[in-house]
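Single-structure report; data block below.
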Amino acid sequence: MKKMIMICLCLLVLIGCGAKKSFDGKDRPSSRGQLQVVGSQLCGEDGNPVILRGISSYGVSGSERYITDDTFHDLAHVMGVNVFRMALYTYGMGSFGYCTGGDKEKLYQVMMKGVECGEKNDMYVILDWHILSDGDPNKYIEDAKEFFDQASKDCKDKKNVIYEICNEPNGVDWPTIKEYANVIIPIIRNNDPDSLIIVGTPEWSSRVDIAANDPLDYPNLLYALHFYSASHKQESRDNVKRAIDKDLPIFVSEYGVTASTGNYPYDLDEGDLWIDFLEENGISHVMWNFSKVSESSAAIKPSVLKVSGFEYDDFSTSGQWLIDMIKRKSAE
Ligand code: IDC
């Protein structure tokens, strides 16, 4: 009888371990190291192609409770993501914006805690300078210089950190964005020479085709492409194809399977079309967003208060779509 109980207990533990096991063990910092761009393809330290599949935080100032080891464990092992993007809003109401009255020191520490949680849970982390309504990245360039100088000093020896220097420039042309990039990239590279950097493109990071006509002159650079599948369809993919044909290295640092408002309607089928298109072209992707706000793009159901111990049912339509997609794509 005792033996039977022991066997049952062992079986339960084994089943438990199985359920907790990552279904996307590959393409993590421990196996792929410092990422680099070879030609137009994102590759590991070994020079072989990598596709990152991940999710972005909501504005970090409203997301601190998710920047923990336990939450990151679930991101890696329940959702299966290998990259987490930390969206540091530069502009925002009240103390939400880093450059508009936010507690800089505290927000910086949250970003660094994310880097640490990423390291512990074998995930890449994107430090996203999340400009949005402050359309011109040059508007807060002094803050950006300081932030990226400090971050690249603090993260110079970390292989899991990716720098994203301007989320979605808008109302400005590509030469204006280049001016900004030509200031910020050398600051980062001075401290962290082999770092991977993502640069935003015109019109809310939708016009990689414009950037492809006149790219920047640095190695290990990726150009941001953002889309929302209920708003952006084949015509947008045709634009992207033009950039791919010119060998521009592209990284989707934000997308949704919703409208570009981040809210209803969903278009999951168009989302599938987009992901197939991206992966056929070796392009990585990061979904908006890991939160429980009342918007259909939020991956967690609004009623779910937990910050760890997540199960499939805790996730919204967006979140469940992401989990299913990563599982499917990781198996291909
Ligand atoms: C949205 C949030 C929303 C917030 C708004 C403005 O979901 O709650 O009110 O920002 O701060 C983006 C942006 C991203 C947007 C998202 C959805 O990068 O910050 O989040 N979106 O609108 N670009 C296209 C869509």
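Read the figures in this text as sums done on the coordinates, not as results from a lab. Note that this is a predicted model, so its numbers are computed, not measured. Quick reminder, even Gly has a Cβ in these numbers, built from the backbone with ideal geometry, and neighbours come from all protein chains shown.
Below is a table of values for the structure above.
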item: Alpha carbon centroid spacing (whole Å) that separates the stretch 149-195 from the stretch 285-306; result: 28
item: Model label zone, THR261; criterion: amide N under 14 Å from point 7 Å along Cα-to-beta-carbon; scope the stretch 73-90; result: none
item: Convex hull projection area averaged over all views, the stretch 32-122, Cα basis, nm²; result: 6.7
item: Between helix 317-331 and the chain: long-axis angle, C-alpha atoms, 0 to 90°, nearest 10; result: 80
item: Relative contact order of the stretch 89-174, defined on C-alpha pairs under 8 angstrom at six or more residues apart (%); result: 33
item: Candidates TYR255, TYR163, TYR264: whichever shows maximal mean-square fluctuation once the chain is modelled as a Gaussian network with Cα springs under 10 Å; result: TYR264
item: Listed residues ILE187, ILE326, PRO215: farthest to the positive end of the dipole of the stretch 180-332 (Cβ charges); result: ILE187
item: Nearest-0.05 FRET efficiency for LYS156 and VAL307, computed from C-beta distance (R0 25 Å); result: 0.25
item: Cleavage-rule hits (trypsin sites (Lys or Arg not before Pro)) in the stretch 150-187: DSSP loop, at most 15 neighbouring Cβ within 10 angstrom; result: LYS156
item: For the chain, calculated [θ]222 nm from helices alone, where every DSSP H run of n ≥ 4 adds -39500 (n - 2.57); result: -12000 deg cm²/dmol
item: Angle in degrees between helix 174-191 and the longest Cα principal axis of the chain, rounded to the nearest 10; result: 60
item: Whole-Å distance, taken between Cα centres, linking the stretch 51-127 and the stretch 219-236; result: 22
item: Relative contact order (percent, whole number), the stretch 201-245, Cα cutoff 8 Å, 6+ residue spacing; result: 49
item: The chain, relative contact order [Cα under 8 Å, separation at least 6], %; result: 18
item: FRET efficiency for THR176 and PHE96, using Cβ-Cβ distance with R0 set to 22 Å, rounded to 0.05; result: 0.30
item: Given charges at beta-carbon only (K, R positive; D, E negative), |dipole| of the chain in Debye; result: 1220
item: Pairwise FRET efficiency - ASN190 versus ASP276, Cβ, R0 = 41 Å, nearest 0.05; result: 0.55
